[in-house]
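Asker: For reference, the structure I am asking about is given below.
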Amino acid sequence: MTGTWPAPSPRCAALIRAAIERILAEPGFADEVDRAVLAQAGDAVLADPTLTASLRASDRANIVHWMTANLANPGARVAPNVGPETLGVARDVVRRGLNDRALEGYRAGQNVVWNRWMQIGFELTGDPGELREFLDVGARSIFTYVDETLAGLTAAIDREREQLTSGTHAQRLEVVTLILDGAPIPEARASARLGYELHAE
């Protein structure tokens, strides 16, 4: 993370906490985010219950991560969420042979959060200066957080693809293919590359 990140005024910090408390009191909010994310995810994702569940878990983890950080330190830069739920999406996308279109839904989820943030801002204050700061800080926080989380997710997807196309995964696939094709691969070499003893007594 580079560059300056200005702290909000005490009044803006109070408004941020109040806005998050309102969102937390709305039980259907996470479901609304889920619907927006899944609507953009594509048919291949929607047809896969495991991947759909993985995206839902990631949505909730991302929301909780951002809100928790802002309750603790309103308006401060929030570190990207590259926790287990997010990395699970990366793994699932790659292992199912999907492209990065599955990630487009994150922007739709971002828009749901931003629209609700703007509505709450107008509900919390009628002061133009307070409202301007609240919206400026919220936009910077939400958009930067999603940008950096997506960058982390994309990097994780790239790592997963690299592991599947090189190194041990590719070597094991090659050995199994040779064995199934009846190639004369020495047993000791096959065992070493598979990381599994093939000799049966």
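The values are calculated or read from the model by the stated rules, or taken from the named source; none is laboratory data. All figures in this text were calculated on a predicted structure; none of them were measured in a lab. In this analysis, Cβ positions are derived from the backbone assuming ideal geometry, glycine residues included, and neighbour counts consider all displayed protein chains. The accessibility values were calculated without ligands, DNA or RNA, using every heavy atom of the protein model including side chains. Shrake-Rupley method; radii C 1.70, N 1.55, O 1.52, S 1.80 Å.
Asker: Provide the gained length on full extension for the span GLN119 to THR177, in nm with one decimal, where the gain is 0.36 nm per separating residue minus the Cα-Cα distance.
Answerer: Gain on extension, GLN119 to THR177, equals 15.1 nm.
Asker: Moving on to the next point. Using R₀ = 41 Å, calculate the FRET efficiency as 1/(1 + (r/R₀)^6) where r is the Cβ-Cβ separation of ARG189 and ALA47; round to 0.05.
Answerer: With R0 = 41 Å, the Cβ-Cβ based efficiency is 0.55.
Asker: A further question follows. Using the Cα atoms of the chain, I'd like the radius of gyration and the largest Cα-Cα distance, Dmax, both in angstrom.
Answerer: Considering the chain through its Cα atoms, Rg and Dmax are 22.8, 81 Å.
Asker: Using a simple spin-label model with points 7 Å from Cα along the Cα→Cβ vector, what separation in nm is obtained for LEU198 and LEU71?
Answerer: Rounded to a tenth, the inter-label distance reads 5.6 nm.
Asker: Between GLU32 and ALA155, what is the label-point separation in nm under the 7 Å Cα-to-beta-carbon projection?
Answerer: In this crude label model, ALA155 to GLU32 measures out at 3.2 nm.
Asker: Tell me the per residue accessible area of the chain using a 1.4 Å probe; a whole number in Å² is fine.
Answerer: 54 Å²
Asker: Using the Cα centre of the chain as the reference point, and only Cβ charges (+1 on K/R, -1 on D/E), how large is the resulting charge dipole? Debye, rounded to the nearest 20.
Answerer: About 300 debye.
Asker: Quick one: divide the alpha-carbon radius of gyration of segment 13-85 by 2.2 N^0.38 Å and tell me what you get.
Answerer: 1.25
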